[in-house]
Amino acid sequence: MTKERYQLNKELAQMLKGGVIMDVTNAEQAKIAEAAGACAVMALERIPADIRAAGGVSRMSDPKLIKEIQQAVTIPVMAKVRIGHFVEAQILEALEIDYVDESEVLSPADPVHHIDKHQFKVPFVCGARNLGEALRRIEEGASMIRTKGEPGTGDIVQAVTHIRLIQQEIAILKALREDELYEKAKQLQVPYHLVQYVHEHGKLPVVNFAAGGVATPADAALMMQLGAEGVFVGSGIFKSGDPAKRANAIVKAVTNYNDPKILAELSEDLGDAMVGINEEEIKTLMAERGQ
Amino acid sequence: MTIGILAVQGAFLEHAKMLSKLGVDSFEIRKKADIQRPMDGLILPGGESTSMYRILRDLDLVDDIKRLIASGLPVFGTCAGLLLLAKEVDNYKSDFLQTMDIKAVKNAYGRQLGSFRANGSFNGEDNIELVFIRAPYIASVKDGVEVLSVHDDKIVAARQDNQLVTAFHPELSDSTFIHSYFIDMCQEALS
(Lines give C-alpha, C1' and ligand atoms only; values in the text may rest on other atoms or scores of the structure.)
Protein backbone atom coordinates (compact mmCIF):
# COMPACT_ATOMS: atom_id res chain seq x y z
CA MET A 1 0.00 0.00 0.00
CA THR A 2 1.48 3.33 -0.97
CA LYS A 3 1.33 6.22 1.46
CA GLU A 4 -1.19 7.94 -0.81
CA ARG A 5 -3.43 4.88 -0.92
CA TYR A 6 -3.27 4.58 2.87
CA GLN A 7 -4.31 8.22 3.18
CA LEU A 8 -7.31 7.65 0.85
CA ASN A 9 -8.30 4.62 2.91
CA LYS A 10 -8.19 6.61 6.14
CA GLU A 11 -10.28 9.26 4.41
CA LEU A 12 -12.99 6.78 3.42
CA ALA A 13 -13.32 5.96 7.13
CA GLN A 14 -13.69 9.71 7.79
CA MET A 15 -16.67 9.75 5.42
CA LEU A 16 -18.31 6.98 7.47
CA LYS A 17 -18.13 8.97 10.70
CA GLY A 18 -21.35 9.70 12.53
CA GLY A 19 -22.84 6.70 10.78
CA VAL A 20 -23.95 3.14 11.44
CA ILE A 21 -22.45 0.09 9.71
CA MET A 22 -24.80 -2.87 9.76
CA ASP A 23 -24.23 -6.62 9.49
CA VAL A 24 -26.30 -8.16 6.70
CA THR A 25 -26.49 -11.73 5.46
CA ASN A 26 -28.23 -11.27 2.10
CA ALA A 27 -29.13 -8.68 -0.53
CA GLU A 28 -32.58 -8.13 0.92
CA GLN A 29 -31.21 -7.24 4.35
CA ALA A 30 -28.63 -5.00 2.69
CA LYS A 31 -31.42 -3.04 1.01
CA ILE A 32 -33.30 -2.74 4.30
CA ALA A 33 -30.14 -1.45 5.97
CA GLU A 34 -29.45 1.08 3.21
CA ALA A 35 -33.03 2.34 3.24
CA ALA A 36 -32.87 2.68 7.04
CA GLY A 37 -29.87 4.99 6.69
CA ALA A 38 -26.82 2.73 7.18
CA CYS A 39 -23.60 4.38 5.94
CA ALA A 40 -22.15 0.96 5.00
CA VAL A 41 -22.97 -2.72 5.32
CA MET A 42 -20.91 -5.68 6.48
CA ALA A 43 -21.60 -8.71 4.30
CA LEU A 44 -21.43 -12.02 6.12
CA GLU A 45 -23.01 -15.47 5.92
CA ARG A 46 -24.10 -15.64 9.52
CA ILE A 47 -24.42 -12.85 12.03
CA PRO A 48 -22.29 -13.18 15.17
CA ALA A 49 -25.17 -14.44 17.36
CA ASP A 50 -25.67 -17.35 14.97
CA ILE A 51 -21.94 -17.99 14.63
CA ARG A 52 -21.82 -18.22 18.40
CA ALA A 53 -24.84 -20.55 18.52
CA ALA A 54 -23.60 -22.80 15.72
CA GLY A 55 -20.04 -23.15 17.00
CA GLY A 56 -17.37 -24.72 14.78
CA VAL A 57 -14.95 -22.92 12.49
CA SER A 58 -16.22 -19.70 11.01
CA ARG A 59 -14.68 -18.35 7.76
CA MET A 60 -14.85 -15.64 5.14
CA SER A 61 -18.23 -15.47 3.36
CA ASP A 62 -18.97 -16.96 -0.06
CA PRO A 63 -17.87 -14.45 -2.75
CA LYS A 64 -21.20 -15.03 -4.48
CA LEU A 65 -23.04 -13.64 -1.46
CA ILE A 66 -20.70 -10.67 -1.26
CA LYS A 67 -21.20 -9.89 -4.96
CA GLU A 68 -24.98 -10.06 -4.58
CA ILE A 69 -24.82 -7.57 -1.74
CA GLN A 70 -22.47 -5.30 -3.75
CA GLN A 71 -25.04 -5.35 -6.55
CA ALA A 72 -27.92 -4.54 -4.22
CA VAL A 73 -26.67 -1.30 -2.63
CA THR A 74 -24.71 1.87 -3.50
CA ILE A 75 -23.20 2.37 -0.01
CA PRO A 76 -19.79 0.84 0.83
CA VAL A 77 -19.70 -2.93 1.36
CA MET A 78 -17.34 -4.44 3.92
CA ALA A 79 -16.60 -8.09 4.64
CA LYS A 80 -14.73 -10.08 7.26
CA VAL A 81 -11.63 -12.25 7.05
CA ARG A 82 -10.11 -14.43 9.73
CA ILE A 83 -7.29 -12.89 11.77
CA GLY A 84 -4.04 -13.58 9.90
CA HIS A 85 -5.72 -15.09 6.83
CA PHE A 86 -4.12 -12.97 4.15
CA VAL A 87 -5.42 -15.13 1.31
CA GLU A 88 -9.02 -14.48 2.32
CA ALA A 89 -8.06 -10.80 2.21
CA GLN A 90 -6.55 -11.23 -1.27
CA ILE A 91 -9.85 -12.73 -2.40
CA LEU A 92 -11.84 -9.82 -0.97
CA GLU A 93 -9.48 -7.39 -2.67
CA ALA A 94 -10.13 -9.20 -5.97
CA LEU A 95 -13.85 -8.63 -5.34
CA GLU A 96 -13.09 -4.90 -4.90
CA ILE A 97 -14.52 -4.85 -1.41
CA ASP A 98 -14.63 -1.35 0.09
CA TYR A 99 -13.27 -2.36 3.52
CA VAL A 100 -11.85 -5.60 4.94
CA ASP A 101 -12.60 -6.36 8.59
CA GLU A 102 -9.86 -8.58 10.02
CA SER A 103 -12.19 -9.90 12.64
CA GLU A 104 -12.15 -11.88 15.86
CA VAL A 105 -15.76 -12.86 15.12
CA LEU A 106 -14.42 -15.46 12.71
CA SER A 107 -12.10 -18.25 13.87
CA PRO A 108 -8.50 -16.97 13.85
CA ALA A 109 -6.33 -18.48 11.10
CA ASP A 110 -3.07 -17.48 12.75
CA PRO A 111 -2.57 -17.49 16.52
CA VAL A 112 0.39 -15.08 16.33
CA HIS A 113 0.47 -12.90 13.24
CA HIS A 114 -2.09 -10.47 11.96
CA ILE A 115 -2.25 -9.73 8.24
CA ASP A 116 0.47 -7.43 6.89
CA LYS A 117 -2.07 -4.93 5.65
CA HIS A 118 0.57 -2.85 3.86
CA GLN A 119 0.57 -5.50 1.13
CA PHE A 120 -2.96 -4.51 0.10
CA LYS A 121 -4.64 -1.62 -1.66
CA VAL A 122 -8.03 -2.13 -0.02
CA PRO A 123 -8.53 -0.64 3.44
CA PHE A 124 -8.67 -2.65 6.67
CA VAL A 125 -10.56 -2.13 9.91
CA CYS A 126 -9.38 -4.04 12.99
CA GLY A 127 -10.66 -4.49 16.52
CA ALA A 128 -8.83 -3.26 19.62
CA ARG A 129 -9.48 -3.50 23.35
CA ASN A 130 -6.81 -1.06 24.39
CA LEU A 131 -4.45 1.55 23.00
CA GLY A 132 -1.55 -0.85 22.49
CA GLU A 133 -3.67 -3.17 20.39
CA ALA A 134 -5.07 -0.27 18.38
CA LEU A 135 -1.62 1.15 17.59
CA ARG A 136 -0.21 -2.28 16.71
CA ARG A 137 -3.01 -2.77 14.18
CA ILE A 138 -2.39 0.71 12.77
CA GLU A 139 1.33 -0.03 12.42
CA GLU A 140 0.35 -3.18 10.47
CA GLY A 141 -1.65 -0.97 8.10
CA ALA A 142 -5.19 -0.74 9.52
CA SER A 143 -6.84 2.52 8.41
CA MET A 144 -9.75 2.27 10.83
CA ILE A 145 -10.15 0.87 14.36
CA ARG A 146 -13.18 -0.41 16.22
CA THR A 147 -13.69 -1.67 19.74
CA LYS A 148 -13.78 -5.41 20.21
CA GLY A 149 -16.97 -5.60 22.21
CA GLU A 150 -18.26 -9.14 22.62
CA PRO A 151 -20.05 -9.87 19.32
CA GLY A 152 -23.34 -11.66 19.10
CA THR A 153 -24.25 -11.10 22.74
CA GLY A 154 -26.35 -7.94 22.70
CA ASP A 155 -24.31 -7.04 25.81
CA ILE A 156 -22.60 -3.65 25.65
CA VAL A 157 -20.34 -4.15 28.70
CA GLN A 158 -17.20 -5.13 26.77
CA ALA A 159 -17.44 -2.35 24.20
CA VAL A 160 -17.87 0.16 27.02
CA THR A 161 -14.81 -1.25 28.79
CA HIS A 162 -12.70 -1.01 25.62
CA ILE A 163 -13.66 2.52 24.63
CA ARG A 164 -13.20 3.80 28.17
CA LEU A 165 -9.80 2.17 28.42
CA ILE A 166 -8.64 3.50 25.05
CA GLN A 167 -9.83 7.03 25.90
CA GLN A 168 -8.11 6.88 29.32
CA GLU A 169 -4.87 5.63 27.81
CA ILE A 170 -4.97 8.41 25.20
CA ALA A 171 -5.53 11.01 27.94
CA ILE A 172 -2.59 9.67 29.94
CA LEU A 173 -0.34 9.62 26.90
CA LYS A 174 -1.28 13.18 26.11
CA ALA A 175 -0.36 14.30 29.61
CA LEU A 176 3.10 12.66 29.62
CA ARG A 177 6.34 14.60 29.28
CA GLU A 178 8.10 14.21 25.90
CA ASP A 179 10.98 12.29 27.49
CA GLU A 180 8.54 9.75 28.96
CA LEU A 181 7.21 8.70 25.56
CA TYR A 182 10.06 6.26 24.86
CA GLU A 183 9.24 4.18 27.91
CA LYS A 184 5.53 4.36 27.04
CA ALA A 185 6.24 3.00 23.56
CA LYS A 186 8.08 0.12 25.20
CA GLN A 187 5.21 -0.60 27.59
CA LEU A 188 2.59 -0.48 24.85
CA GLN A 189 4.78 -2.56 22.50
CA VAL A 190 4.26 -0.09 19.70
CA PRO A 191 6.55 2.12 17.61
CA TYR A 192 7.62 5.47 19.00
CA HIS A 193 6.21 7.53 16.09
CA LEU A 194 2.64 6.39 16.86
CA VAL A 195 3.03 7.18 20.55
CA GLN A 196 4.29 10.60 19.55
CA TYR A 197 1.28 11.13 17.27
CA VAL A 198 -1.22 10.31 20.01
CA HIS A 199 0.69 12.49 22.50
CA GLU A 200 0.56 15.42 20.12
CA HIS A 201 -3.01 15.08 18.80
CA GLY A 202 -4.85 13.46 21.71
CA LYS A 203 -6.50 10.96 19.40
CA LEU A 204 -5.79 7.91 17.29
CA PRO A 205 -4.36 8.63 13.83
CA VAL A 206 -7.40 6.84 12.32
CA VAL A 207 -11.15 6.85 12.87
CA ASN A 208 -12.38 4.80 15.85
CA PHE A 209 -15.81 3.14 15.82
CA ALA A 210 -17.70 1.19 18.48
CA ALA A 211 -18.51 -2.46 17.80
CA GLY A 212 -19.88 -5.44 19.64
CA GLY A 213 -23.03 -5.75 21.70
CA VAL A 214 -24.90 -2.65 20.46
CA ALA A 215 -28.61 -3.57 20.55
CA THR A 216 -30.54 -0.35 21.23
CA PRO A 217 -30.46 3.36 20.26
CA ALA A 218 -29.36 4.04 23.84
CA ASP A 219 -26.41 1.65 23.46
CA ALA A 220 -25.33 3.44 20.29
CA ALA A 221 -25.64 6.88 21.91
CA LEU A 222 -23.73 5.65 24.96
CA MET A 223 -20.79 4.64 22.78
CA MET A 224 -20.89 7.97 20.97
CA GLN A 225 -20.93 9.92 24.23
CA LEU A 226 -17.95 7.88 25.37
CA GLY A 227 -16.04 9.04 22.30
CA ALA A 228 -16.74 6.59 19.47
CA GLU A 229 -16.92 8.26 16.04
CA GLY A 230 -19.57 5.89 14.69
CA VAL A 231 -21.09 2.49 15.39
CA PHE A 232 -21.11 -1.04 14.00
CA VAL A 233 -24.28 -2.99 14.72
CA GLY A 234 -24.10 -6.72 14.19
CA SER A 235 -26.72 -9.09 15.51
CA GLY A 236 -28.66 -6.29 17.21
CA ILE A 237 -30.73 -5.42 14.14
CA PHE A 238 -31.68 -8.55 12.28
CA LYS A 239 -32.08 -10.53 15.53
CA SER A 240 -34.70 -8.07 16.75
CA GLY A 241 -38.46 -7.96 16.27
CA ASP A 242 -38.65 -5.09 13.75
CA PRO A 243 -35.24 -4.75 12.01
CA ALA A 244 -36.08 -1.79 9.71
CA LYS A 245 -37.46 0.29 12.53
CA ARG A 246 -34.69 -0.53 14.97
CA ALA A 247 -32.01 0.06 12.32
CA ASN A 248 -33.42 3.50 11.54
CA ALA A 249 -33.75 4.39 15.22
CA ILE A 250 -30.09 3.50 15.83
CA VAL A 251 -29.03 5.62 12.83
CA LYS A 252 -30.81 8.66 14.23
CA ALA A 253 -29.54 7.96 17.74
CA VAL A 254 -25.98 8.22 16.43
CA THR A 255 -26.74 11.62 14.85
CA ASN A 256 -28.46 13.00 17.95
CA TYR A 257 -26.55 11.05 20.59
CA ASN A 258 -26.47 14.09 22.87
CA ASP A 259 -30.18 14.83 22.85
CA PRO A 260 -32.06 12.73 25.46
CA LYS A 261 -35.45 13.99 24.25
CA ILE A 262 -34.87 12.72 20.73
CA LEU A 263 -33.36 9.49 22.13
CA ALA A 264 -36.51 8.96 24.19
CA GLU A 265 -38.69 9.29 21.09
CA LEU A 266 -36.43 6.98 19.10
CA SER A 267 -36.46 4.31 21.79
CA GLU A 268 -40.23 4.09 21.83
CA ASP A 269 -42.10 1.06 20.55
CA LEU A 270 -39.23 -0.66 18.76
CA GLY A 271 -40.51 -4.18 19.34
CA ASP A 272 -38.37 -6.85 20.94
CA ALA A 273 -34.64 -6.26 21.20
CA MET A 274 -32.41 -9.24 20.60
CA VAL A 275 -32.57 -11.47 23.67
CA GLY A 276 -28.84 -11.38 24.29
CA ILE A 277 -26.58 -13.30 26.60
CA ASN A 278 -24.52 -11.94 29.45
CA GLU A 279 -20.76 -11.90 29.24
CA GLU A 280 -20.39 -14.43 32.09
CA GLU A 281 -22.79 -16.85 30.38
CA ILE A 282 -20.66 -17.31 27.29
CA LYS A 283 -17.92 -19.86 26.76
CA THR A 284 -15.89 -18.18 24.01
CA LEU A 285 -14.65 -14.66 24.56
CA MET A 286 -14.04 -13.60 20.98
CA ALA A 287 -12.42 -10.35 22.08
CA GLU A 288 -9.43 -12.34 23.37
CA ARG A 289 -8.63 -13.53 19.86
CA GLY A 290 -5.58 -11.73 18.44
CA GLN A 291 -3.75 -9.31 20.73
CA MET B 1 -20.28 35.53 9.54
CA THR B 2 -21.63 32.13 10.60
CA ILE B 3 -21.92 29.01 8.49
CA GLY B 4 -24.23 26.11 9.29
CA ILE B 5 -22.76 22.66 8.59
CA LEU B 6 -25.10 19.73 8.13
CA ALA B 7 -23.90 17.21 10.74
CA VAL B 8 -26.27 14.28 10.43
CA GLN B 9 -23.57 11.94 9.10
CA GLY B 10 -20.15 12.17 7.45
CA ALA B 11 -17.08 14.40 7.48
CA PHE B 12 -18.61 17.59 8.91
CA LEU B 13 -15.83 18.28 11.44
CA GLU B 14 -13.33 18.58 8.60
CA HIS B 15 -15.35 21.47 7.14
CA ALA B 16 -15.55 23.21 10.53
CA LYS B 17 -11.75 22.99 10.76
CA MET B 18 -11.31 24.55 7.33
CA LEU B 19 -13.65 27.40 8.25
CA SER B 20 -11.87 28.03 11.53
CA LYS B 21 -8.59 28.28 9.57
CA LEU B 22 -10.28 31.11 7.69
CA GLY B 23 -11.50 32.66 10.92
CA VAL B 24 -15.14 31.87 10.13
CA ASP B 25 -17.53 30.60 12.81
CA SER B 26 -19.71 27.57 12.21
CA PHE B 27 -22.27 25.44 13.98
CA GLU B 28 -23.59 21.92 13.47
CA ILE B 29 -27.06 21.15 12.15
CA ARG B 30 -28.39 17.92 13.61
CA LYS B 31 -32.09 18.69 14.18
CA LYS B 32 -34.97 21.04 13.45
CA ALA B 33 -34.00 23.66 16.05
CA ASP B 34 -30.51 23.97 14.51
CA ILE B 35 -31.73 24.75 11.00
CA GLN B 36 -33.80 27.63 12.35
CA ARG B 37 -30.72 29.45 13.66
CA PRO B 38 -29.54 32.39 11.56
CA MET B 39 -26.74 31.52 9.14
CA ASP B 40 -24.94 33.13 6.22
CA GLY B 41 -24.17 29.93 4.37
CA LEU B 42 -24.81 26.19 4.51
CA ILE B 43 -22.40 23.30 3.90
CA LEU B 44 -23.56 19.80 2.95
CA PRO B 45 -20.48 17.64 3.65
CA GLY B 46 -19.14 14.34 2.34
CA GLY B 47 -20.51 11.09 3.70
CA GLU B 48 -23.20 8.76 2.41
CA SER B 49 -25.96 10.58 0.54
CA THR B 50 -28.61 7.88 1.13
CA SER B 51 -27.88 7.86 4.84
CA MET B 52 -27.92 11.67 5.12
CA TYR B 53 -31.11 12.04 3.14
CA ARG B 54 -32.98 9.44 5.18
CA ILE B 55 -32.04 11.31 8.35
CA LEU B 56 -32.96 14.69 6.82
CA ARG B 57 -36.36 13.34 5.89
CA ASP B 58 -37.03 11.74 9.27
CA LEU B 59 -35.94 14.84 11.18
CA ASP B 60 -38.14 16.99 8.94
CA LEU B 61 -35.27 19.11 7.60
CA VAL B 62 -35.83 18.68 3.86
CA ASP B 63 -38.33 21.52 3.35
CA ASP B 64 -36.32 23.91 5.54
CA ILE B 65 -33.19 23.33 3.50
CA LYS B 66 -35.05 23.67 0.19
CA ARG B 67 -36.64 26.88 1.39
CA LEU B 68 -33.28 28.33 2.49
CA ILE B 69 -31.71 27.51 -0.87
CA ALA B 70 -34.67 28.99 -2.75
CA SER B 71 -34.36 32.15 -0.67
CA GLY B 72 -30.80 32.58 -1.95
CA LEU B 73 -28.74 31.26 0.98
CA PRO B 74 -25.31 30.20 -0.34
CA VAL B 75 -24.92 26.42 -0.13
CA PHE B 76 -21.81 24.31 -0.70
CA GLY B 77 -22.11 20.56 -1.32
CA THR B 78 -19.07 18.27 -1.41
CA CYS B 79 -19.27 14.70 -2.77
CA ALA B 80 -22.43 13.37 -1.08
CA GLY B 81 -23.53 17.00 -0.77
CA LEU B 82 -23.31 17.31 -4.56
CA LEU B 83 -25.58 14.27 -4.95
CA LEU B 84 -28.06 15.76 -2.49
CA LEU B 85 -28.33 18.94 -4.58
CA ALA B 86 -28.34 17.39 -8.08
CA LYS B 87 -31.68 17.49 -9.91
CA GLU B 88 -30.85 14.15 -11.47
CA VAL B 89 -28.58 11.23 -10.55
CA ASP B 90 -27.84 9.13 -13.59
CA ASN B 91 -27.61 5.64 -12.12
CA TYR B 92 -29.73 6.10 -9.04
CA LYS B 93 -33.36 6.96 -8.51
CA SER B 94 -32.78 10.16 -6.60
CA ASP B 95 -35.46 11.86 -4.58
CA PHE B 96 -32.93 14.06 -2.78
CA LEU B 97 -33.15 17.86 -2.52
CA GLN B 98 -32.94 18.27 -6.33
CA THR B 99 -32.30 22.00 -6.37
CA MET B 100 -29.41 22.31 -8.85
CA ASP B 101 -29.58 21.85 -12.63
CA ILE B 102 -26.89 19.20 -12.90
CA LYS B 103 -26.96 15.52 -13.72
CA ALA B 104 -24.60 13.54 -11.46
CA VAL B 105 -23.29 9.99 -11.57
CA LYS B 106 -23.04 8.25 -8.21
CA ASN B 107 -19.89 6.23 -7.36
CA ALA B 108 -18.73 7.31 -10.82
CA TYR B 109 -15.15 6.13 -10.31
CA GLY B 110 -16.17 2.75 -8.88
CA ARG B 111 -15.54 1.35 -5.42
CA GLN B 112 -12.84 2.36 -2.92
CA LEU B 113 -10.06 0.97 -5.18
CA GLY B 114 -11.11 3.70 -7.64
CA SER B 115 -10.55 6.51 -5.10
CA PHE B 116 -7.64 8.82 -6.00
CA ARG B 117 -5.84 12.14 -5.52
CA ALA B 118 -4.97 14.45 -8.37
CA ASN B 119 -3.86 17.95 -9.13
CA GLY B 120 -6.29 20.09 -11.03
CA SER B 121 -7.63 23.57 -11.52
CA PHE B 122 -10.58 25.33 -9.99
CA ASN B 123 -12.03 28.53 -11.45
CA GLY B 124 -8.82 29.11 -13.41
CA GLU B 125 -6.51 28.56 -10.43
CA ASP B 126 -4.03 25.72 -10.99
CA ASN B 127 -2.43 23.28 -8.57
CA ILE B 128 -5.51 22.56 -6.53
CA GLU B 129 -5.43 19.23 -4.72
CA LEU B 130 -8.46 17.13 -5.69
CA VAL B 131 -9.33 14.23 -3.37
CA PHE B 132 -11.89 11.80 -4.76
CA ILE B 133 -13.35 9.21 -2.33
CA ARG B 134 -15.87 6.87 -3.99
CA ALA B 135 -16.76 10.09 -5.71
CA PRO B 136 -19.47 11.16 -8.12
CA TYR B 137 -18.93 13.41 -11.12
CA ILE B 138 -21.23 15.65 -13.11
CA ALA B 139 -22.30 14.16 -16.43
CA SER B 140 -24.02 17.28 -17.72
CA VAL B 141 -25.18 20.74 -16.69
CA LYS B 142 -28.03 22.92 -17.87
CA ASP B 143 -27.88 26.59 -18.87
CA GLY B 144 -27.07 28.88 -16.02
CA VAL B 145 -24.60 26.47 -14.44
CA GLU B 146 -20.96 27.58 -14.48
CA VAL B 147 -18.39 24.79 -14.75
CA LEU B 148 -15.54 25.50 -12.32
CA SER B 149 -13.39 22.41 -12.61
CA VAL B 150 -12.89 19.63 -15.13
CA HIS B 151 -10.71 16.61 -14.48
CA ASP B 152 -10.08 13.95 -17.15
CA ASP B 153 -12.90 15.38 -19.25
CA LYS B 154 -15.37 15.07 -16.37
CA ILE B 155 -16.99 18.03 -14.63
CA VAL B 156 -16.01 17.91 -10.97
CA ALA B 157 -17.04 21.36 -9.69
CA ALA B 158 -19.79 23.75 -10.69
CA ARG B 159 -21.84 26.71 -9.53
CA GLN B 160 -25.39 27.82 -10.18
CA ASP B 161 -26.10 31.17 -8.55
CA ASN B 162 -26.00 30.52 -4.79
CA GLN B 163 -25.19 26.79 -5.13
CA LEU B 164 -21.62 25.47 -5.26
CA VAL B 165 -20.71 21.79 -5.62
CA THR B 166 -17.50 19.77 -5.82
CA ALA B 167 -17.27 16.03 -6.53
CA PHE B 168 -13.98 16.00 -4.60
CA HIS B 169 -13.22 16.88 -0.97
CA PRO B 170 -11.59 20.30 -0.48
CA GLU B 171 -12.01 19.76 3.28
CA LEU B 172 -9.40 16.97 3.08
CA SER B 173 -6.74 19.11 1.44
CA ASP B 174 -4.35 21.54 3.10
CA SER B 175 -5.49 24.45 0.98
CA THR B 176 -8.40 26.65 2.00
CA PHE B 177 -8.74 28.01 -1.55
CA ILE B 178 -12.15 26.54 -2.33
CA HIS B 179 -13.56 27.29 1.11
CA SER B 180 -12.47 30.92 0.63
CA TYR B 181 -14.29 30.92 -2.69
CA PHE B 182 -17.44 29.80 -0.86
CA ILE B 183 -16.97 32.38 1.90
CA ASP B 184 -16.69 35.04 -0.82
CA MET B 185 -20.05 33.82 -2.16
CA CYS B 186 -21.51 34.22 1.32
CA GLN B 187 -20.02 37.71 1.62
CA GLU B 188 -21.50 38.75 -1.71
CA ALA B 189 -24.91 37.49 -0.64
CA LEU B 190 -24.66 39.64 2.49
CA SER B 191 -23.84 42.85 0.67
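Using R₀ = 51 Å, calculate the FRET efficiency as 1/(1 + (r/R₀)^6) where r is the Cβ-Cβ separation of B:Asn119 and A:Leu285; round to 0.05. Walk me through the numbers on the way to the answer.
Working: r = 49 Å, r/R0 = 0.97.
Working from the Cβ atoms, E equals 0.55.
Out of residues 5 or more away from B:Ser26 or on other chains, whose amide H comes under 5 Å of its own, with H placed 1.01 Å from N in the peptide plane?
The list, which skips near neighbours in sequence, is B:Ile3.
For B:Leu190 and B:Leu22 in the same chain, what is the full-extension length gain: residue separation times 0.36 nm, less their Cα-Cα distance, in nm?
58.7 nm
Before we go on, tell me the buried accessible area for the B/A pair, both chains summed, 1.4 Å probe, in Å² to the nearest 100.
Working: alone 8730 and 12850 Å², together 18630 Å².
In total, this chain pair buries about 2900 Å².
Provide, for q = 0.16, 0.22, 0.26 Å⁻¹, the log10 of I(q)/I(0) from a solvent-free Debye sum over equal Cα point scatterers in region B:98-187.
Here the Debye-derived log intensity ratios amount to -0.61, -1.16, -1.49.
Once you keep just the Cα pairs under 8 angstrom separated by 6 or more residues, what percentage relative contact order results for chain A? Walk me through the numbers on the way to the answer.
On the way: 634 pairs, mean separation 57.9, N = 291.
Relative contact order comes out at 20 percent.
Which net charge results for the neighbourhood of B:His169, defined as the other residues with beta-carbon distances under 9 angstrom from its beta-carbon, given Lys and Arg at +1 and Asp and Glu at -1? Present the calculation step by step, with values, prior to reporting the outcome.
Values: positive: none; negative: A:Glu11, B:Glu14, B:Glu171.
Every neighbour counted, the sum reads -3.
Pop the C-beta distance of A:Asp242 and A:Leu165 into the FRET formula with R0 = 41 Å and round what comes out to the nearest 0.05. If you can, show how the numbers build up before the last one.
Numbers: r = 34 Å, r/R0 = 0.82.
The computed FRET efficiency comes out at 0.75.
Under a Cβ-Cβ cut-off of 15 Å, what is the net charge of the residues other than B:Gln112 that fall near it, where Lys and Arg count +1 and Asp and Glu count -1?
Taking every other residue near B:Gln112 into account, the sum is +1.
With a point put 7 Å past each Cα toward its Cβ, work out how far B:Thr2 is from B:Gln36 in nm, to one decimal.
Reported label-point gap for B:Thr2 and B:Gln36 is 1.4 nm.
In whole angstrom, note down how far apart the Cα centers of region B:151-190 and region A:156-203 are.
38
Sticking to Cα atoms, compute the Rg of the protein assembly as shown to one decimal and its Dmax as the biggest Cα-Cα distance, whole number, in Å.
21.7, 69
Do you know which residues of region A:1-34 lose at least 20 square angstrom of accessible area in the protein assembly compared with their chain on its own, with a 1.4 angstrom probe?
The answer is A:Glu4, A:Arg5, A:Leu8, A:Glu11, A:Leu12, A:Gln14, A:Met15, A:Lys17, A:Gly18, A:Glu34.
On full extension of the chain, what length is gained from A:Val157 through A:Ala35, given 0.36 nm per residue of separation minus the C-alpha to C-alpha distance? Before the final figure, lay out the partial values.
Working: separation 122, 0.36 × 122 = 43.92 nm, distance 2.92 nm.
My answer for the length gained is 41.0 nm.
Going by average Cβ neighbours within 10 Å, how do the peptides B:85-93, A:172-180, A:144-152, B:38-46 rank, with the highest at the top? Provide the component values of the computation, followed by the final result.
On the way: B:85-93: 18.1, A:172-180: 12.0, A:144-152: 28.0, B:38-46: 24.1.
Highest-to-lowest ranking by the protection proxy: A:144-152, B:38-46, B:85-93, A:172-180.
Could you provide, to the nearest whole Å², the per residue accessible area of chain B with probe 1.4 Å? Intermediate values should be presented prior to the final figure.
On the way: 7250 Å² over 191 residues.
The answer is 38 Å² per residue.
Below 8 Å, C-alpha to C-alpha, sequence gap of six or more: please give me the relative contact order for region B:2-190 in percent.
On the way: 401 pairs, mean separation 36.4, N = 189.
Here the relative contact order equals 19 percent.
A:Ala175 versus A:Val87, label points 7 Å from Cα toward the beta carbon: distance in nm?
Each label point lies 7 Å from its Cα, and together they span 4.9 nm.
How much of the accessible area of region B:2-190, in percent, comes from carbon and sulfur atoms when a 1.4 Å probe is used?
Ligands and nucleic acids excluded, carbon and sulfur give 42 percent.
Report the dimensions of region B:2-190 along its three principal axes from the alpha-carbon atoms, largest first, rounded to Å.
Rounded to whole Å, the extents work out to 42, 37, 32 Å.
Can you give me the span-like helices of chain A, meaning DSSP H runs with 24 Å or more of Cα extent along the axis and Kyte-Doolittle mean at or above 0.0?
A:157-175
Take every residue in peptide B:112-119, count the Cβ atoms of other chains within 10 Å of its Cβ, and give the average of those counts. Write out the running numbers ahead of the final one.
Numbers: counts 15, 10, 2, 10, 3, 5, 0, 0.
So the per-residue partner count for this stretch is 6.
Measure off 7 Å from each Cα along the Cα-to-Cβ vector at A:Glu265 and A:Glu139, then give the distance between these two points in nanometres to one decimal.
The two pseudo-label positions are separated by 4.8 nm.
The values are calculated or read from the model by the stated rules, or taken from the named source; none is laboratory data. Since the structure is predicted, the reported quantities are computational estimates derived from the model, not experimental observations. A quick note on method: Cβ atoms are made from the backbone with ideal geometry, for glycine too, and the neighbour counts reach across all protein chains shown. Keep in mind that these areas ignore ligands, DNA and RNA; they rest on the heavy atoms of the full protein, side chains included. Shrake-Rupley method; radii C 1.70, N 1.55, O 1.52, S 1.80 Å.
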